[in-house]
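Just below is one structure, and these are the notes that go with it.
The values are calculated or read from the model by the stated rules, or taken from the named source; none is laboratory data. Predicted model only: the values in this text are computed from it and were never measured. Note that we place each Cβ from the backbone using ideal geometry, even for glycine, and neighbour counts take in every protein chain shown.
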Amino acid sequence: MDYKKFTHFRWNYDRHEIIADGIVHGIGIVAALIGVTALIFYAFVWGSAGDVAAAWIYGIGLVGALSISFTYNIWPVSQTKWILRRFDHSAIFILIAATYTPFLMRAADDWRLIALLVFIWTSAIGGILLKFFFPGRFDRAAIALYLAMGWCGVLAAGPLWDRLATPTMVLIIVGGVIYSLGVIFHVWEKLRFQNAIWHGFVVSAAAVHYAAVFTAISLQLPLPQIS
């Protein structure tokens, strides 16, 4: 499909906007690499095998999403950028699912949370297929799916409170609110530096959720007994 048919995409950011966006991404990637390395090391030394697996899944999702986003957003407008757009938007689905994984993997004893984890990853796969097979179409539906995936954890708030420390739950909610507020700037395309502001919200929310993942591993509560 020819990217030139989709002239409604705002790819005409000026030099200062691209530099600002690159700086935001650069800060996010460096912080993510340092944070993920520390998280995996902590999980390996003090956590369980499940914690290590969850840390790797989350870490790959976080670093991968930020790296792909950085590449896509600084790439010159071309057919290659059109292809990168598919990977960038698909990586968001992976990041959401990967972020949920460390929390829901604490719930091997509760079929509701395991079902939620399966649902989230299934939704992520569906979103990826949507982006790859229908590029440039259903973008509003994709944004709605991002938000729905992000907030579907509310349905499992009760069981999660029994398995995660209060600081972890608070951080999860705060990160979700920051992501959701950032969507306002994501769709506000006429605002100068809109893309950099949106990605600033993304990096900030990712940092809060990183703290949530770290506390989920380091402040583990005893699993509730099933009678």
* Asked: Looking at segment 123-143, is at least one residue over 22 Å from ASP51 (Cβ atoms), touching a His at 6+ places or on another chain (Cβ under 6 Å) and in contact (Cβ under 8 Å) with a residue 40 or more places away in the chain?
  -> yes
* Asked: Which of the following residues is assigned to a helix (DSSP H, G or I) and small (Gly, Ala, Ser): GLY158, GLY136?
  -> GLY158
* Somewhere in segment 96-113, is a residue within 25 Å of SER204 (Cβ to Cβ) and among the polar types (S, T, N, Q)? -> yes
* To do: Look through segment 169-212, keep the residues that are outside any helix (DSSP H, G or I) and not aliphatic (A, V, I, L, M), and return whichever of them is surrounded by the fewest Cβ atoms within 10 Å (Cβ to Cβ).
  => LYS190
* What number goes with the only condition from (1) modelled with pLDDT of 95 or more; (2) more than 20 Å from LEU117 (Cβ to Cβ) that TRP56 does not pass? -> (2)
* **Sole exception among (1) in contact with a Pro (Cβ under 7 Å, 6 or more places away or on another chain); (2) modelled with pLDDT under 85; (3) surrounded by 15 or more Cβ atoms within 10 Å (Cβ to Cβ); (4) over 25 Å from ALA38 (Cα atoms) for GLY136, by number** => (1)
* Residues located in segment 98-107, provided they are surrounded by 23 or more Cβ atoms within 10 Å (Cβ to Cβ) and either without any contact (Cβ under 8 Å) to a residue 60 or more places away in the chain or not in a helix (DSSP H, G or I) (or both) -> ALA98, TYR100, LEU104
* To do: Determine whether ALA148 is surrounded by fewer than 19 Cβ atoms within 10 Å (Cβ to Cβ), free of Cβ contacts under 8 Å to residues at least 40 places away in the same chain and under 14 Å from the mean Cα position of the chain (by Cα).
  => yes
* Asked: Looking at ILE40, is it within 14 Å of the chain's Cα centre (by Cα) and within 25 Å of ILE114 (Cα to Cα)?
  -> no
* **Residue list for segment 41-51, filter: crowded, with 18+ Cβ neighbours inside 10 Å and in a helix (DSSP H, G or I)** => ALA43, ASP51
* Taking segment 132-170, which residues are of a type in the set (D, E, K, R) and touching an Asp or Glu at 6+ places or on another chain (Cβ under 9 Å)? -> ASP162, ARG163
* Structure fact -> Note on segment 108-127: residues surrounded by 20 or more Cβ atoms within 10 Å (Cβ to Cβ) and of a type in the set (Val, Ile, Thr) are ILE120
* **Residue among ALA141, ALA211 that is over 18 Å from HIS89 (Cβ atoms) and small (Gly, Ala, Ser)** => ALA211
